[in-house]
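One structure is given here, and the rest of the page talks about it.
The values are calculated or read from the model by the stated rules, or taken from the named source; none is laboratory data. In this text the structure is predicted, and so the values were computed from the model without any measurement. Don't worry about glycine lacking a Cβ; one is built from the backbone with ideal geometry, like all the others, and counts go over all protein chains shown. To get the accessible areas, we keep the full protein, side chains included, count just its heavy atoms, and leave off ligands, DNA and RNA. Shrake-Rupley method; radii C 1.70, N 1.55, O 1.52, S 1.80 Å.
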Amino acid sequence: MAREPIILGINSVYHESSACLVRGNEVLAFIEEERLNRRKHAKPAVIESTDQLPELAIAHVLDTAGVTWDDISEVAYSFDPARRKPTCERYLTPASWGTPEGDERFLSAVKLAPSQMSELAGRDLTRHFHWIGHEEAHAASAYFPSGYPDAAVLTMDGIGESTTGLLAHGTGSSIRPIRQIEYPHSLGFLWEKLSQFLGFHEYDAAKIMALAAYADAETYASAFAKLVEVRDGNITLDFDTLRFRTDDFDPLEALFGPRRDPSRYVNSRDAAVAAALQATTENAILTLSQWLKRETGAPALCMAGGVALNCVANGKLASAGIFDEVFVQPLSNDAGTSLGAALHVAHEVVGVGSPRAIHSPFLGPDFSAQEQLAALKDSGFEVETPVDLPRIVAQLISEGKVGGWFQGPAEIGPRALGARSIVADPRRPGSRELINLRIKHREFFRPFAPSVLEECADEWFELPAFSPSQRFMSFAFPVRESKRAQVPAILHVDGTSRLQRVSERLNPGYYSLISNFFELTGVPLILNTSFNTFDEPIVSSPYDAVRTFLRTGMDFLAMGNHIIRRTTLGSGGHLRNEIR
């Protein structure tokens, strides 16, 4: 019997470039380009970077899976240039995004992909190359891994070809589109524009979501009601005021006052705008979900796209009970479209059979014990190999120490889930400030998340019905009133936390760490944040981890069976060798 074909999925048009290999329902390898080139988002989303393939990621997944280009049956690319529609926008800069000249350069660059891939492969891949619609790739990345035989599907992001969202119905091995949301009606671009208006980077939606909890949404509710309308499964935005893809903020300043200078502190106006934006987004997601429920009658909902990373809105949606379960793909951003494109081709082109659940997020690169030990030794610190590492780390955390936790294959997506994490004591009010001061240098209003033993989650948090994606840090839920005083470091100002349920089956080492902390303190959760600094992607390799440890004030780094500590400096405390 012939083996199922191997499909290479690629995302590279805008940002969050990535590559994956899929065989049937199995993900053989996945990685984001940023984890290898060490640049956040891999590359800037400019027309000039459109033809930059994720060559490091492609080489990595081939090597990890032990396959050659001759083993690749199909290539799935998460963009279809034939679906790009011309726009007639005002206010745009000549030759920029959305102009005829800009789109001509953009599409010419995109269309180079088949020949570029053929050149990389050393053979003609054009007959095996599939252009997959961007929103369809998002939808496939959520529905096929969910394991649900019948589910509504909702995707929302900035822009794909000319669409910004998709409402669909997944049954068996196919996804049926019901309605598309067309540009310029884009919730993703709304967040990018308002992030810039509030003095942040266009990709700083997480900061705005955190800031929103500090103000009342009613202050600017009427203004946002004029900007955004949701009706009959569609969204309409006021483009004349928002003026996407431009640096024109005059109409927004007329509504909300002057644009914040990034050098100035945020104020109550900024928080009130963020609160109204968050409330508007929550209403849009709830309203679209209710429409999808009526249209499909499906018991579950699957979500993807950048907007699906809004854990506060997701938490309120899950608690609303519109669907029995809500599954949010941990790779909801554009990186996930390489996986979605590959799964789309596997199920809807090749026909590999019924999809099976893919609920483990630990699909990233793994490293041998020898590689890990070599990196630790090159740090210049004494390397210890304790009998019970989780117990030692739990003890250190309970004493107020902050450190890196590097174990097993990396998690996929933008949130650390206990493979590449920085861990600390949730009981200490100063843990958050300590991490910000020594490592993250983040804004004061941004909360940190807890990782909780799965069987203890309901005792500590107000949770709706279980969903596998509660293990992906995809939802924010209230901490139970009776427990809040015990875990101030992971409590946001509104009493919620973006929790991660930790499964012993999926991540036994991390589960053991939290279990040991529970035995020592009576608290079955720890503070978890991503293993990186403010200006870099999450670490991938052992050398990435050691380099970040050396750049920051972390007290320890636990990797594999070993640990290094700042109190046991050996021959210098510097990284003697670069990545080989």
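Some observations on this one:
- Candidate set from segment 67-94 (those that are in a loop (DSSP other than H, G, I, E, B) and under 27 Å from the mean Cα position of the chain (by Cα)); member that is surrounded by the most Cβ atoms within 10 Å (Cβ to Cβ): 78
- Number of the exception - residue 170 against (1) within 22 Å of the chain's Cα centre (by Cα); (2) within 24 Å of residue 9 (Cβ to Cβ); (3) surrounded by 24 or more Cβ atoms within 10 Å (Cβ to Cβ): (1)
- Of note, residue 397 satisfies the criterion of being open to solvent by less than 50 Å² (accessible area, probe 1.4 Å) and under 14 Å from residue 528 (Cβ atoms).
- Across segment 227-255, the qualifying residues are those that are over 20 Å from residue 91 (Cα atoms) and among the charged types (D, E, K, R), and the one among them that is least open to solvent (accessible area, probe 1.4 Å) is 229.
- Of all positions in segment 346-357, none carries a residue that is among the basic types (Lys, Arg), open to solvent by 60 Å² or more (accessible area, probe 1.4 Å) and without any contact (Cβ under 8 Å) to a residue 24 or more places away in the chain.
- Number of positions in segment 298-312 that are among the aliphatic types (A, V, I, L, M) and surrounded by fewer than 24 Cβ atoms within 10 Å (Cβ to Cβ): 3
- Residue that is out of contact with any His (no Cβ under 7 Å at 6 or more places or on another chain) and in contact (Cβ under 8 Å) with a residue 24 or more places away in the chain, where the choices are 53, 36: 53
- Residue within segment 99-115 that is closer than 27 Å to residue 68 by Cα, in a helix (DSSP H, G or I) and open to solvent by 40 Å² or more (accessible area, probe 1.4 Å) present: yes
- Residue 316 falls short on exactly one of the conditions (1) in contact (Cβ under 8 Å) with a residue 60 or more places away in the chain; (2) under 24 Å from the mean Cα position of the chain (by Cα), and that condition is (1).
- Close pairs (7 angstrom Cβ cut-off, 6 or more residues apart or separate chains): acidic (Asp, Glu) in segment 102-130, open to solvent by less than 50 Å² (accessible area, probe 1.4 Å) anywhere: 103/84; 124/118
- Selected residue (criterion: least open to solvent (accessible area, probe 1.4 Å)) from residues of segment 259-289 that are among the charged types (D, E, K, R) and part of a loop (DSSP other than H, G, I, E, B): 260
- Scanning segment 184-201 for residues that are in a loop (DSSP other than H, G, I, E, B) and closer than 28 Å to residue 143 by Cα yields 184, 185, 186.
- Residues considered: 159, 175, 208, 181. Of these, the only one that is part of a helix (DSSP H, G or I), open to solvent by less than 40 Å² (accessible area, probe 1.4 Å), of a type in the set (A, V, I, L, M) and modelled with pLDDT of 95 or more is 208.
- When residue 501 is tested against (1) touching a residue at least 60 places away in the same chain (Cβ under 8 Å); (2) within 15 Å of residue 450 (Cβ to Cβ); (3) charged (D, E, K, R), just one condition goes unmet, and that condition is (1).
- Condition check for residue 136: in a helix (DSSP H, G or I) and out of contact with any Phe, Trp or Tyr (no Cβ under 7 Å at 6 or more places or on another chain): yes
- Among residues of segment 305-334, those that are under 21 Å from residue 190 (Cβ atoms) and hydrophobic (A, V, I, L, M, F, W, C), counted: 8
- Considering residues of segment 533-547 that are surrounded by fewer than 23 Cβ atoms within 10 Å (Cβ to Cβ) and under 22 Å from residue 490 (Cβ atoms) only, the residue modelled with the lowest pLDDT: 534
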